[in-house]
1. Is it true that some residue in segment 57-80 is part of a strand (DSSP E or B), on the phi < 0 side of the Ramachandran plot and over 13 Å from the mean Cα position of the chain (by Cα)?
2. Could you list all residues from segment 1-41 that are touching a helix residue (DSSP H, G or I) at 6+ places or on another chain (Cβ under 8 Å) and at pLDDT 95 or above?
3. Pull up segment 89-136, narrow it to residues that are closer than 25 Å to ALA11 by Cα and among the small types (Gly, Ala, Ser), then point me to the one that is surrounded by the most Cβ atoms within 10 Å (Cβ to Cβ).
4. Restricting the search to segment 17-46, which residues are closer than 23 Å to ALA100 by Cβ, touching an Asp or Glu at 6+ places or on another chain (Cβ under 7 Å) and in a loop (DSSP other than H, G, I, E, B)?
5. If you check every pair at least six apart or on different chains, which have Cβ atoms under 9 Å apart with a residue in segment 110-121 that is closer than 16 Å to GLY136 by Cα first and a residue that is among the basic types (Lys, Arg) second?
6. Could you grab me the full set of residues in segment 23-51 that are without any contact (Cβ under 8 Å) to a residue 40 or more places away in the chain and within 22 Å of LEU92 (Cβ to Cβ)?
7. Could you go through segment 43-50 and let me know if any residue there is basic (Lys, Arg) and farther than 27 Å from ALA135 by Cβ.
8. Kindly list the number of the only condition in (1) part of a loop (DSSP other than H, G, I, E, B); (2) at pLDDT 95 or above that fails for ASP49.
Amino acid sequence: MPVTHGFNHVATLTTDLERHADFYGSVFGAQVTFRMEAEGDHPRMFILDLGGGAALNVFEVDADDIIGDRRRQGGRGAIDHFAIAVETRDELESVKQRLADAGADIGEIQQLGGTWSLFFRDVDGMELEVCAPVAGA
């Protein structure tokens, strides 16, 4: 039995904290719970509450500081993507519509084992996923 309880947060980079927070707020209802201005070598950051004890720690950096090819698996670094959890297929459909309304590049909902999966690209072009359990699986 694991002694952990899942993930606390994922740290990510953006060139525009306000744009990033607006996108995740409008699509997922995420709320900024902490703000820190740049200090020395530490960039400006927000913490976005995603619910369920999960958060995004978002650092604002220059575009030249974001390395890798966000469009190619393997080019995104050692961590390829992360998935945001919702509880039902209906909630996943609702998020899909909110992603479309926000102008996100979205895929189709597909079943991967006991999970419904929807891949999308966020406001910074990062490929991510939203998942919901398949009822009865």
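1. First, the residues of segment 57-80 that are part of a strand (DSSP E or B): 57-60.
So of that shortlist, the ones also on the phi < 0 side of the Ramachandran plot come out as 57-60.
From what's left, over 13 Å from the mean Cα position of the chain (by Cα): 59-60.
For segment 57-80, residues part of a strand (DSSP E or B), on the phi < 0 side of the Ramachandran plot and over 13 Å from the mean Cα position of the chain (by Cα): present.
2. Just the residues of segment 1-41 that are touching a helix residue (DSSP H, G or I) at 6+ places or on another chain (Cβ under 8 Å), to begin with: 13-15, 26-28, 30-32.
Within segment 1-41, SER26, VAL27, PHE28, ALA30, GLN31, VAL32 meet the criteria.
3. Residues of segment 89-136 closer than 25 Å to ALA11 by Cα: 91-92, 95-96, 98-100, 102-107, 115-133.
Those left that are additionally among the small types (Gly, Ala, Ser): 100, 102-104, 107, 117, 125, 132.
On the way: ALA100: 13, ALA102: 16, GLY103: 9, ALA104: 16, GLY107: 14, SER117: 18, GLY125: 10, ALA132: 20.
Step by step, filter segment 89-136, then rank; the result is ALA132.
4. Scanning segment 17-46 gives a single hit, ALA30.
5. Qualifying pairs under 9 Å: TRP116/ARG89.
6. Here is the first cut: in segment 23-51, the residues without any contact (Cβ under 8 Å) to a residue 40 or more places away in the chain are 25, 29-51.
Residues satisfying the conditions are GLY25, GLY29, ALA30, GLN31, LEU48, ASP49, LEU50, GLY51.
7. Let us first name the residues in segment 43-50 that are basic (Lys, Arg), namely 44.
Imposing the further condition that a residue be farther than 27 Å from ALA135 by Cβ reduces the set to 44.
Yes, segment 43-50 contains at least one residue that is basic (Lys, Arg) and farther than 27 Å from ALA135 by Cβ.
8. The one condition ASP49 does not meet is (1).
The values are calculated or read from the model by the stated rules, or taken from the named source; none is laboratory data. This one's a predicted model, so the numbers in the text were calculated from it and none came from an experiment. Positions of Cβ are generated from backbone atoms using ideal geometry, with glycine treated the same way; all protein chains shown enter the neighbour counts.
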